[in-house]
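K.L.:
Here's a structure for you.
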Amino acid sequence: MMQSMPGVPFNLDAVPTVLKDSATEEKGETARLSSFVGALAITDLVKTTLGPKGMDKILQSSSGSVTITNDGATILKSIYIDNPAAKILVDISKTQDDEVGDGTTSVCCLAGELLREAEKLVDQRIHPQTIIAGFRKAATCAEDALLAASVDNGGNADKMRDDLYNIACTTLSSKVLSQARDQFSSISVDAVLRLKGSTNLDHIQIIKKPGGSLKDSYLEEGFILAKSLGVGQPKVMENAKILVSNTPMVSSRM
């Protein structure tokens with residue numbers, strides 16, 4: 001702590017600073033307005049991609065590669081952001097993508113609309129801490145309402161599958177697979193149910209082969225190896241013996 005000597009004026013220039021010479025500092029209303037503007041700009045950017053009627057974005061990288069997507073996390077990862085509040089929304093979207101795998105645009109839009117309403121309350125001279133307390137109470141009420149309206153079909157396998165199928169159809173409605181959502185929803189649900197409660201999606205192997213169409217996709221109950229048959233080898237074999245090995249399938253080691 002620095003103290004001024006009796007009779008000597010306090011010199012602010014002598015106070016050490018932790019900021020770089022090129023850094024800028026914002027305080028009070030200016031900082032709050034900058035945060036609102038940055039966060040709402042991110043919300044307005046991705047909200048047009050929300051829902052089954054959402055629009056796709058065309059992203060072009062510095063290398064010239066083009067990506068067409070309406071995934072919020074993918075869009076936010078591809079843009080440069082220097083606003084602190086906007087970076088928080090990007091982090092929220094990334095966390096949602098890592099934890100859930102979906103809803104990246106929804107969580108960003110929800111947070112942005114909360115900030116939009118908070119801006120109106122701040123203009124009415126309501127303290128930010130009061131606004132935060134109100135949001136927390138509203139979140140508790142919303143959680144209670146969702147739990148009261150929820151239905152647990154975990155004990156009924158048929159209803160559970162129907163619920164998962166409807167969720168998958170809703171998710172794929174805004175994706176490139178929307179034209180084949182019924183087929184891929186059924187494939188996805190069957191694949192997840194075969195994990196028998198496990199959440200490790202690495203146990204589901206996806207093998208891509210060139211040629212064909214989306215309708216040629218299917219779920220195989222057994223194992224599929226991306227290997228070709230040798231000349232003269234049988235294509236069908238019954239009551240075959242299975243070798244389990246943890247080494248690569250290279251002819252020199254077999």
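K.L.:
Starting from the Cα gyration tensor of region 24-163, take the square roots of the eigenvalues, sort them a ≥ b ≥ c, and report rounded, prolate or oblate (rounded when a/c is under 1.5, otherwise prolate if a/b is larger than b/c, else oblate). Numbers along the way, then the final one.
P.N.:
Working: a/c = 2.67, a/b = 1.15, b/c = 2.32.
Judged from the Cα gyration tensor, region 24-163 comes out oblate (a/c at least 1.5, b/c at or above a/b).
K.L.:
Let me ask something additional. Exceeding 20 Å between C-alpha atoms, which entries from my cross-link table qualify? They are Lys215/Lys235; Lys208/Lys241; Lys47/Lys94. Please report the intermediate quantities before stating the final value.
P.N.:
Values: Lys215/Lys235 24 Å; Lys208/Lys241 27 Å; Lys47/Lys94 16 Å.
Flagged as over cut-off: Lys215/Lys235; Lys208/Lys241.
K.L.:
Counting other beta carbons within 10 Å of each Cβ, put Val176, Val189 in order, fewest first.
P.N.:
Ordered from fewest to most neighbouring Cβ atoms within 10 Å, Val176, Val189 come out as Val176, Val189.
K.L.:
Please work out which option in [x] 38, 27, 15; [y] 25, 21, 19; [z] 52, 27, 20 gives semi-axes √(5λ) of the Cα gyration tensor in Å calculated from these coordinates, and answer with its label.
P.N.:
[z]
K.L.:
If we sort 101-109, 195-203 on the protection proxy, mean other Cβ atoms within 10 Å, highest first, what's the order?
P.N.:
Packing order, densest peptide first, comes out as 101-109, 195-203.
K.L.:
Angle between the Cα long axis of helix 181-193 and the longest principal axis of the chain, 0 to 90 degrees, nearest 10?
P.N.:
That helix lies at roughly 90 degrees to the long axis.
K.L.:
What longest region of the chain stays clear of GluC sites (Glu not before Pro) that DSSP places outside H, G, I, E and B and that have at most 16 other Cβ atoms within 10 Å? Mind dumping the intermediate values first?
P.N.:
On the way: sites that count: Glu25, Glu26, Glu220, Glu221, Glu238.
After excluding every exposed loop site, the longest remaining stretch is 27-219.
K.L.:
Sticking with this one: R0 = 35 Å: FRET efficiency of Ser62 with Asp98, Cβ-based, nearest 0.05?
P.N.:
0.90
K.L.:
For a Förster distance of 22 Å, can you work out the FRET efficiency between the beta-carbons of Ser228 and Ile207, rounded to the nearest 0.05?
P.N.:
Efficiency at R0 = 22 Å is approximately 0.95.
K.L.:
Where does helix 104-123 land angle-wise versus the long Cα axis of the chain, in degrees 0 to 90, nearest 10?
P.N.:
Between helix and principal axis, roughly 20 degrees.
K.L.:
Given an 8 Å cut-off on Cα distances and at least 6 residues of separation, report the relative contact order of region 126-254 as a percent.
P.N.:
Reported as a whole number, the value is 14 percent.
K.L.:
With everything on Cα atoms, drop me the angle between helix 157-172 and the longest principal axis of the chain, reported from 0 to 90° to the nearest 10.
P.N.:
Tilt of helix 157-172: around 60 degrees.
K.L.:
Also, quick follow-up: Between Leu219 and Thr74, what FRET efficiency follows from the Cβ-Cβ distance if R0 is 25 Å, with the result rounded to 0.05?
P.N.:
0.45
K.L.:
Between region 199-234 and region 33-52, how far is it from one alpha carbon centroid to the other, in angstrom?
P.N.:
Centre-to-centre (Cα) distance: 41 Å.
K.L.:
Still on this model: What spacing in nm lies between the two simple spin-label points modelled at Thr48 and Ala139, each 7 Å away from Cα in the Cβ direction?
P.N.:
So the two model labels end up 3.1 nm from each other.
K.L.:
Let me have the relative contact order for the chain, percent, based on Cα pairs under 8 Å that are six or more residues apart.
P.N.:
Relative contact order for the chain comes out at 13 percent.
K.L.:
Now a separate question. Which of the trypsin sites (Lys or Arg not before Pro) found in region 82-152 are in a DSSP loop and have at most 10 neighbouring Cβ atoms, other than their own, within 10 Å?
P.N.:
Answer by residue number: Arg125.
Bear in mind that the values in this text are calculations on the coordinates, not laboratory data. Quick caveat, the model's predicted, so the values are computed rather than measured. FYI the Cβ positions are ideal-geometry reconstructions off the backbone, even for glycines, and counts take in every protein chain you see.
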